[in-house]
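A.B. asks: Have a look at this one before I ask anything.
No value in this document is a laboratory result; all are computed from the given coordinates. Values in this document were obtained by computation on a predicted structure and should not be read as measured data. Ideal geometry is used to build each Cβ from the backbone, glycine not excepted, and the neighbour counts take in all protein chains shown.
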């Protein structure tokens, strides 16, 4: 009896541009040290501000 | 003439409320390249869009039976839209997942489908939409991913301007 081990890989095709994209991001920092990086959309920044995250640092 | 594979060509752009295009039938290159405009296809080998669904309208008919005949015709009914989705691979570095962190519930704007890219004369569909759910997917034997679900308004067909 023999055993074989077959390795598999999952394809991860996507729609992204080969060159990626240029994006301006904002990093928000919580006083406990956690950080969140998001795009500069006001409603998103306000969402994290409500959780105690602030711009800068 | 020529069919094409959309990989690397197709674009999905998101214009947040407050930075919407002036004319959804003729989005300009300046608006496409504005800082506030989000390239929703993501970044190759990182957090990238790999599946979309529900961003189309489904027309319906209303049957018009009568007592004259067993043959029943119809008239045009409502065209309706369901919840739309965009699905992304997760990057294992938290800070690289900026689509995930940005598109929290309630984020609102206009999604623009650009299957041919965004050069002048390419076609577009612009759809007002709002994030209704953002959730990590739970498939075990797959590259980890997350799904954003959107409510949507009606589409405006257009052609990109120079």
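A.B. asks: Which three numbers, in whole Å and largest first, are the semi-axes of the equivalent ellipsoid of region B:70-111 derived from its Cα gyration tensor as √(5λ)?
C.D. replies: Taking √(5λ) for each Cα gyration eigenvalue gives 42, 13, 6 Å.
A.B. asks: Still on this structure: When A:23, B:3, B:134 are ordered from fewest to most other Cβ atoms inside 10 Å of their Cβ, what list results? Intermediate values should be presented prior to the final figure.
C.D. replies: On the way: A:23 16, B:3 4, B:134 19.
By the 10 Å Cβ count, ascending: B:3, A:23, B:134.
A.B. asks: Per residue, how much space in cubic angstrom lies within the convex hull of the C-alpha atoms of the protein assembly as shown?
C.D. replies: Taking only Cα atoms, the protein assembly as shown has a hull volume of 250 Å³ per residue.
A.B. asks: In what sequence do B:111, B:1, B:116 fall when counting other Cβ within 10 Å, fewest first? Display every interim value, and only then the final one.
C.D. replies: Details: B:111 23, B:1 2, B:116 15.
Listing B:111, B:1, B:116 from fewest to most nearby Cβ atoms yields B:1, B:116, B:111.
A.B. asks: Another one. Contour minus end-to-end for residue B:105 and residue B:92, with contour as 0.36 nm per residue of separation and end-to-end as the Cα-Cα distance? If you can, show how the numbers build up before the last one.
C.D. replies: Details: separation 13, 0.36 × 13 = 4.68 nm, distance 2.21 nm.
Between residue B:105 and residue B:92, full extension yields an extra 2.5 nm.
A.B. asks: If you take each beta carbon of peptide B:50-57 and count the beta carbons of other chains within 10 angstrom, what is the mean?
C.D. replies: Details: counts 6, 3, 1, 0, 0, 0, 0, 0.
The shielding value for this peptide is 1.
A.B. asks: Please check: in the Gaussian network model of chain B (C-alpha springs, under 10 Å), which one of B:53, B:42, B:109 has the largest mean-square fluctuation.
C.D. replies: B:53
A.B. asks: If you don't mind, there's one more thing I want to ask. Would you mind putting B:139-147, A:31-39, B:81-89 in packing order, based on average other-beta-carbon counts within 10 Å, highest first? All intermediate terms of the calculation are to be shown ahead of the outcome.
C.D. replies: Details: B:139-147: 12.0, A:31-39: 14.7, B:81-89: 19.1.
The densest-packed peptide leads the list: B:81-89, A:31-39, B:139-147.
A.B. asks: Region B:143-162 to region B:1-31: how many Å between their Cα centroids?
C.D. replies: Each part's Cα centre sits 10 Å from the other's.
A.B. asks: If you bin every alpha carbon distance in region B:21-101 into 5 Å steps from zero, what whole percent lands in each bin?
C.D. replies: 3, 11, 12, 11, 14, 13, 9, 6, 5, 6, 4, 3, 1, 0
A.B. asks: Suppose a student asked you for the relative contact order of region B:43-133, using Cα pairs under 8 Å spaced at least 6 residues apart; what percent would you report?
C.D. replies: Values: 125 pairs, mean separation 23.7, N = 91.
In percent, rounded to a whole number, it is 26.
A.B. asks: Could you work out Rg/(2.2 N^0.38 Å) for region B:74-162, with Rg from alpha carbons only? List each step's numbers first, then the result.
C.D. replies: Numbers: Rg = 16.1 Å, N = 89, 2.2 N^0.38 = 12.1 Å.
Scaled against compact globular proteins, the figure is 1.33.
A.B. asks: Most exposed first by the Cβ proxy, i.e. fewest other Cβ within 10 Å, how do A:43, B:69, B:151 rank? Intermediate results must be reported in sequence, preceding the final value.
C.D. replies: Values: A:43 19, B:69 8, B:151 15.
Lowest to highest Cβ neighbour count: B:69, B:151, A:43.
A.B. asks: Let me ask something additional. Counting C-alpha atoms alone, how compact is chain B: give Rg to one decimal and Dmax as a whole number, in angstrom.
C.D. replies: Cα-based Rg and Dmax for chain B come out at 18.8, 68 Å.
A.B. asks: If you don't mind, there's one more thing I want to ask. Which of these, B:97, B:51, B:63, has the largest mean-square fluctuation under a Gaussian network model of chain B (Cα springs below 10 Å)?
C.D. replies: B:63
A.B. asks: Would you mind checking the radius of gyration and Dmax of region B:1-47 based on alpha-carbon positions, in Å?
C.D. replies: Calculated on Cα positions, Rg and Dmax stand at 12.9, 38 Å.
A.B. asks: Just report the Cα centroid separation between region B:49-120 and region A:22-52, whole Å.
C.D. replies: The two parts, judged by their Cα centres, are 28 Å apart.
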